[in-house]
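Here is the structure we will look at.
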Amino acid sequence: MKQTSFPVFSSPFEGDFLTLAESLACRQFAGTVDQVNQLAKRLNVTEVPVNMEAVTPEALGARSWRPETGFVQMALKAKKDEAEEWSWIAGQMALAAFVCGAAPSLDVEMVAHHPTTVAGHSFEAGNLILKGEGDKLLLRSGDGQDHTFTLYNGDENPPVWLLEPEQDLIPLGSAGRCVRADGQWVEHWNADAPKDVYNGSFESFRRQIIDAADVLERCAPVYYVWVATLLRELVPLRGDTLGGGTSSRSFLFCPGQIHFSTPATLLQTVNMMVHECSHQFFHMLQWSMAMVKEGAPEVFSVLKNTSRPLDKVLLGFHAFANMRLALGFLRANPEGLELKELADHERDVSSIVGSLDSSLQPFVDDYLEPAGKALYAPLRAKLVGAELLAA
């Protein structure tokens with residue numbers, strides 16, 4: 001893959017980021033299938049059947065950029081007993097292939113040592129049966145209960161799976177859809193993770209997302225497409241109702257899923273969407289190659305007020321710089337936004353971008369890999385050209 005194409009993940013202004021996203025998603029999915037089936041050979045067991053002819057950008061697009069694929073990678077990287085883990089790894093891989101369209105059917109019985117998550121819904125570890133055909137997917141959990149998912153495939157929208165009779169669908173403007181997810185997987189894979197998932201009104205969270213997507217599509221259409229391209233699932237977090245602050249997060253090996261605060265203002269929600277969906281593009285590239293050279297030093301991060309790995313500082317710069325550019329579109333068309341809040345965000349985000357850039361500058365030439373430079377250099381130049389960052 002030509003590294004000259006990587007700058008399109010710097011920001012939505014550098015070219016055709018969608019085509020690169022489709023290519024990388026298929027490449028990474030095919031690589032995951034290969035890892036799983038190489039494991040099958042080592043264990044002398046049957047390989048997971050996947051129609052690799054369907055794993056092309058033309059046939060699959062970026063639909064394999066889903067959490068189900070990432071969970072396979074988490075298990076592979078956990079380095080646990082491979083023979084003991086095989087049933088779950090194989091079942092999870094088969095599930096990932098079916099829900100993204102790389103397998104026409106699914107018929108799996110597995111012993112799950114980890115929670116199994118389908119379309120944002122988590123099911124406890126145990127003996128599971130998964131059967132899928134066409135637009136239906138049945139999961140029979142260890143307690144004998146049946147859970148039916150239906151493929152929702154609106155015109156010109158990425159397909160999503162919905163658990164009946166739940167109403168988890170969240171429209172994202174005219175060309176996108178995602179679903180609410182429960183985020184329970186985090187506690188299993190990271191015992192120290194904060195227990196802050198919001199369990200209140202889904203309708204208020206849903207409206208929060210719909211309104212933010214509408215603002216982006218109307219005022220910053222290029223960032224609307226940037227957000228809608230890789231967003232698959234949303235996990236609501238408990239917001240700071242007293243202080244008015246927000247938090248958001250995403251994870252390298254949970255592709256397409258982002259977590260952020262509710263309640264939040266319209267502008268805060270737009271910012272979190274741009275921020276976390278920028279992480280999706282960074283993570284997609286990071287799945288395939290290093291951003292920084294081995295031995296790169298830690299540098300000061302204003303976000304944590306301490307030294308951080310260089311790639312984490314670059315990750316922060318990439319997200320906040322795109323937030324700052326998106327705010328410029330909102331400034332040009334601020335209808336429905338609080339002007340003082342907008343000015344405060346512009347000031348605060350500009351300060352963060354400037355500080356992160358100052359931390360990165362001395363180390364760009366010596367410690368950023370070509371992929372890291374491809375993200376950093378054009379984004380910095382765009383900010384300088386817009387007079388949002390000192391040359």
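The values are calculated or read from the model by the stated rules, or taken from the named source; none is laboratory data. Please read all numbers here as calculations on a predicted model, not as lab measurements. All Cβ positions, glycine included, derive from the backbone under ideal geometry; neighbour counts span all protein chains shown.
Tabulated results
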| quantity | calculated |
| --- | --- |
| Meets criteria (farther than 30 Å from V8 by Cα and among the hydrophobic types (A, V, I, L, M, F, W, C)) for A191 | yes |
| Options V50, V36: the member that is within 15 Å of G101 (Cβ to Cβ) and surrounded by 16 or more Cβ atoms within 10 Å (Cβ to Cβ) | V50 |
| Residue identified as more than 16 Å from Q28 (Cβ to Cβ) and either surrounded by fewer than 19 Cβ atoms within 10 Å (Cβ to Cβ) or touching a helix residue (DSSP H, G or I) at 6+ places or on another chain (Cβ under 7 Å) (or both) among V108, V55, V99 | V108 |
| Hits in region 77-96 - residues which are crowded, with 20+ Cβ neighbours inside 10 Å and within 20 Å of the chain's Cα centre (by Cα) | Q92, M93, L95, A96 |
| Meets criteria (of a type in the set (A, V, I, L, M) and within 21 Å of the chain's Cα centre (by Cα)) for L43 | no |
| Pairs with Cβ under 7 Å, 6+ apart, first in region 169-193 and at pLDDT below 80, second surrounded by fewer than 16 Cβ atoms within 10 Å (Cβ to Cβ) and not in a loop (DSSP other than H, G, I, E, B) | A193/E187 |
| Qualifying residue in region 178-187 (condition: exposed (fewer than 15 other Cβ atoms within 10 Å of the Cβ) and among the polar types (S, T, N, Q)) | no |
| Residue check for E68: buried (at least 23 other Cβ atoms within 10 Å of the Cβ), among the charged types (D, E, K, R) and part of a helix (DSSP H, G or I) | yes |
| Positions within region 116-127 being surrounded by 23 or more Cβ atoms within 10 Å (Cβ to Cβ) and more than 16 Å from M74 (Cα to Cα), in sequence order | A119, G120 |
| Matching entry among A371, A290 (being within 26 Å of the chain's Cα centre (by Cα) and surrounded by 19 or more Cβ atoms within 10 Å (Cβ to Cβ)) | A371 |
| Strands (runs of 3 or more DSSP E) enclosed by region 131-232 - at least 3 residues per element that are within 20 Å of the chain's Cα centre (by Cα), among the hydrophobic types (A, V, I, L, M, F, W, C) and more than 22 Å from A59 (Cβ to Cβ) | 169-172 |
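Condition check ((1) under 24 Å from E346 (Cβ atoms); (2) of a type outside the set (G, A, S); (3) out of contact with any helix residue (DSSP H, G or I) (no Cβ under 7 Å at 6 or more places or on another chain); (4) surrounded by fewer than 24 Cβ atoms within 10 Å (Cβ to Cβ)) across all residues:
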| site | (1), (2), (3), (4) |
| --- | --- |
| D240 | yes, yes, yes, yes |
| F251 | no, yes, yes, yes |
| E294 | no, yes, yes, yes |
| V302 | yes, yes, no, yes |
| V313 | yes, yes, no, no |
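Results for (1) at negative phi; (2) modelled with pLDDT under 95; (3) acidic (D, E); (4) surrounded by 24 or more Cβ atoms within 10 Å (Cβ to Cβ), shown as yes or no for each residue.
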position	(1), (2), (3), (4)
G245	yes, yes, no, no
P255	yes, no, no, yes
F260	yes, yes, no, yes
P309	yes, no, no, no
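Okay, residues lined up against (1) over 20 Å from F13 (Cβ atoms); (2) assigned to a loop (DSSP other than H, G, I, E, B):
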site: L327; (1), (2): no, no
site: P334; (1), (2): yes, yes
site: D344; (1), (2): yes, no
site: D366; (1), (2): yes, no
site: P378; (1), (2): no, no
